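Here is the structure we will look at.
The values are calculated or read from the model by the stated rules, or taken from the named source; none is laboratory data. Keep in mind the model is a prediction, meaning the values are calculated, not measured. Here the Cβ is made from the backbone with ideal geometry for all residues, glycine too, and neighbour counts use every protein chain on show.
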Amino acid sequence: MMQKQVLSARHKCKFLTQSGFTLIELLIVVSIACILAPLSFLSFSNFSDKMTIKQFAEDVQETIHDAQMEAITQSKTVRIVFNNQDHYFYVSRNNQIERKEMNKRIMVYNSFGETAISINRLGHFSRSSTYTISMGTIRYKLVLLLGQGRFYVEKAS
């Protein structure tokens, strides 16, 4: 009988020394996770915005280059018009319109309030201008230069 009591005491002792987490430790871990989750979401959201506007700027750059090539080969004027209210831009050539959607948070404008780029049959722009492409606080500049159809897109500081 004495042996049974010793065994059960040892068994109880093992149960008490088993490692595990207390309720307070679990609450601390959950609260830390609840604090870090929104912070990581904000960081990911900002990264996503940067990638979205960068991709849009590259798409505009490619569209302008293609429009210049088409204006030269067709000997026709090509226009690119940005519509910020309805969130699209289109390329107008030979009475045909190719429409491309824009992200609803992206705005394209210049200081004169113009939203159209005109490319003549030599691939040159009708006027030099600087357009701002913005999405929240992230901004890119689209600079059109006179002569030889030169332009560039860069991130604004």
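In table form, for the structure just shown:
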{"quantity": "Filter result for the condition that a residue is of a type outside the set (Phe, Trp, Tyr), within 19 Å of residue 148 (Cβ to Cβ), in contact (Cβ under 8 Å) with a residue 60 or more places away in the chain and crowded, with 16+ Cβ neighbours inside 10 Å, over 64, 80", "calculated": "64"}
{"quantity": "Residue match in the range 104-111 (condition: under 30 Å from residue 49 (Cβ atoms), polar (S, T, N, Q) and touching a residue at least 12 places away in the same chain (Cβ under 8 Å))", "calculated": "yes"}
{"quantity": "Filter result for residue 62 (charged (D, E, K, R) and out of contact with any strand residue (DSSP E or B) (no Cβ under 9 Å at 6 or more places or on another chain))", "calculated": "yes"}
{"quantity": "Entirely in the range 1-113, the strands (runs of 3 or more DSSP E) that have 1 or more residues that are modelled with pLDDT of 80 or more, farther than 30 Å from residue 136 by Cβ and β-branched (Val, Ile, Thr)", "calculated": "78-83"}
{"quantity": "Matching residues, the range 83-98, being surrounded by 16 or more Cβ atoms within 10 Å (Cβ to Cβ) and of a type outside the set (Ser, Thr, Tyr)", "calculated": "89, 91, 93"}
{"quantity": "Count of residues meeting criterion [among the hydrophobic types (A, V, I, L, M, F, W, C) and exposed (fewer than 15 other Cβ atoms within 10 Å of the Cβ)] in the range 117-157", "calculated": "5"}
